[in-house]
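Report on the following structure.
Where a number appears in this text, it was derived from the coordinates with a stated rule and is not lab data. Here the structure is a predicted model, which is why all the values come from computation and not from measurement. Because the Cβ atoms are built from the backbone with ideal geometry, glycine has one as well, and the counts that use them run over all protein chains shown.
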Amino acid sequence: MNDFQPSAALLALRQEIDALDQELATLLCRRLLLIHRAAPLKPLRENVRLEDRIEEIIRKVSPLADQFGIERRYLETIYRFLIEESIARETREWDKLHQNG
């Protein structure tokens, strides 16, 4: 068993991380709600996945890593996962909207 006792500084840092996690989760949920709103605006199922749009998003967010001295790969990996999940959800929403026609 590990009997590590975090210091006050570590506990304070964890509180900051927990607060950011709450903000991040809220923003991710808001983003997904917007994705659901996009589905009915796309006339064809193939319009859900647009490679140019994916790369545009990556190009916009990757440089933000530079501002914090973080490897761009970190943000790119997270965003590519987020985008793929968003596409999957939007595709399901699109299919649901167009199931009869």
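Just for region 8-48: of the residues that are among the small types (Gly, Ala, Ser) and in contact with an Asp or Glu (Cβ under 7 Å, 6 or more places away or on another chain), which one is farthest from His98 (Cα to Cα)? Among those residues, the one meeting the criterion is Ala38.
Among the residues of region 1-18, just one is aliphatic (A, V, I, L, M) and within 21 Å of Tyr79 (Cα to Cα), namely Ile17. Number of residues in region 86-99 that are touching a residue at least 12 places away in the same chain (Cβ under 8 Å) and either among the hydrophobic types (A, V, I, L, M, F, W, C) or closer than 14 Å to Leu28 by Cα (or both) equals 5. For beta carbons closer than 6 Å, sequence separation of 6+ or different chains, a first residue in region 17-39 that is in contact (Cβ under 8 Å) with a residue 12 or more places away in the chain and a second that is surrounded by 10 or more Cβ atoms within 10 Å (Cβ to Cβ) and not hydroxyl-bearing (Ser, Thr, Tyr), the qualifying pairs are Ile35/Arg89; Ile35/Glu90; His36/Glu93; Ala39/Glu90; Ala39/Glu93; Ala39/Trp94. Within the bounds of region 42-50, is there any residue that is exposed (fewer than 10 other Cβ atoms within 10 Å of the Cβ) and not in a helix (DSSP H, G or I)? Checked against the condition, which is being exposed (fewer than 10 other Cβ atoms within 10 Å of the Cβ) and not in a helix (DSSP H, G or I), region 42-50 yields at least one hit. In the set Ile57, Ile70, only one residue is without any contact (Cβ under 8 Å) to a residue 40 or more places away in the chain, surrounded by 12 or more Cβ atoms within 10 Å (Cβ to Cβ), of a type outside the set (Phe, Trp, Tyr) and more than 17 Å from Asp95 (Cβ to Cβ); that residue is Ile57.
Yes/no matrix, rows are residues, columns are (1) touching a helix residue (DSSP H, G or I) at 6+ places or on another chain (Cβ under 6 Å); (2) surrounded by 11 or more Cβ atoms within 10 Å (Cβ to Cβ); (3) in a helix (DSSP H, G or I):
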position: Gln5; (1), (2), (3): no, no, no
position: Ala25; (1), (2), (3): no, no, yes
position: Pro63; (1), (2), (3): no, no, yes
position: Ser86; (1), (2), (3): yes, yes, yes
position: Arg92; (1), (2), (3): no, yes, yes
